[in-house]
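Report on one structure; see the data block that follows.
The values are calculated or read from the model by the stated rules, or taken from the named source; none is laboratory data. Keep in mind the model is a prediction, meaning the values are calculated, not measured. Quick reminder, even Gly has a Cβ in these numbers, built from the backbone with ideal geometry, and neighbours come from all protein chains shown. Please note that ligands, DNA and RNA were not included when accessible areas were found on the heavy atoms of the full protein model with its side chains. Shrake-Rupley method; radii C 1.70, N 1.55, O 1.52, S 1.80 Å.
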Amino acid sequence: MHHSTKTDSVTELFGEVVSSYSRARALEDGVLVDAGAMAQEAGFKWPVAITSAAWSDCVAWTHADSERQVHQDQSGRLWDVLFMAQHAIRANRSGGDRLNYQLWRVPRDGKSTEARVTTLKLVVGPGDHGEPVIAILLSDED
């Protein structure tokens, strides 16, 4: 005797899954960048990943960037992203699974020396096995 499950009902309604893309695969492919141990140091209890676009805009910094623009380092820029995300979480009173927050960062454009504000989006969602995970994205990313 076959017992109907919620999965059977969903498959019946929508059909078989055509394609899926796991968080682990996104990390392998470089679509997401793991914030690593620094996320724990900043107070996060769940794994944090940053989209490659947000990483490129707000975190990535090389010695050549410091020579061309202004001296900074990548770990300090990552700390700023994580610290401001943690601050936004603590200040957020509305709850929900996402929030926008602002960050001052020097754009990595080969010429800027002054920080400019940008908006990042923090999203809490299920990981590959249903566990809570956090993603940090540019405000216009989904």
Go ahead and set up a Gaussian network model of the chain, Cα springs under 10 Å, then flag whichever of 85, 64, 49 fluctuates most.
64
Provide 111, 121 ordered by accessible surface of protein heavy atoms (probe 1.4 Å), highest first.
111, 121
The summed charge of the residue 38 Cβ neighbourhood (under 13 Å; Lys/Arg +1, Asp/Glu -1) stands at -3
Average Cα contact separation per residue, the chain, under 8 Å, 6 or more apart, as relative contact order %
22 percent
Note: residue 88 to residue 66 extended length (0.36 nm per residue) minus current alpha-carbon separation gives 5.1 nm
I want to check the label-to-label distance for residue 139 and residue 9. Put each point 7 Å from Cα in the C-beta direction and report it in nm to one decimal.
4.0 nm
Mean residue ellipticity (222 nm) of the chain, computed from DSSP H runs ≥ 4 via -39,500 (n - 2.57), nearest 500:
-10000 deg cm²/dmol
Accessible surface of the chain, 1.4 Å probe, proportion on carbon and sulfur as whole %:
53 percent
Please list, in chain and number order, the residues 5+ apart from residue 49 or on another chain whose amide H is under 5 Å from its amide H, with Hs placed from the backbone.
35, 134, 135, 136
Extension length gain for residue 28 and residue 53 (0.36 nm per residue less Cα distance), in nm, is 7.5 nm
To the nearest 0.05, what FRET efficiency results for residue 20 and residue 98 with a Förster distance of 22 Å applied to their C-beta separation?
0.55
Rounded to the nearest 5, the percent of antiparallel DSSP beta bridges in the chain equals 85 percent
Anyone know which of 51, 62, 11 comes out most mobile in the 10 Å Cα GNM of the chain?
11
Choice from 107, 126, 47 with maximal GNM fluctuation in the chain (Cα, 10 Å cutoff)
126
Karplus-derived HN-Hα couplings along region 125-142 (A = 6.51, B = -1.76, C = 1.60, θ = phi - 60°), whole Hz, x at Gly and Pro
x, x, x, 5, 10, x, 6, x, 9, 10, 10, 10, 10, 5, 4, 9, 8, 10
Hey, got a sec? Which chymotrypsin sites (Phe, Trp or Tyr not before Pro) in region 58-142 land in a DSSP loop and have at most 10 other Cβ atoms within 10 Å?
none
List the pair-distance distribution P(r) of region 97-142, using every Cα-Cα distance, as the percent of pairs falling in each 10 Å bin from 0 up to the bin containing the longest distance, rounded to whole percents.
25, 39, 24, 11, 1
Keeping all protein chains in place, calculate the accessible area per residue for region 1-138 (probe 1.4 angstrom), answer in Å².
64 Å²
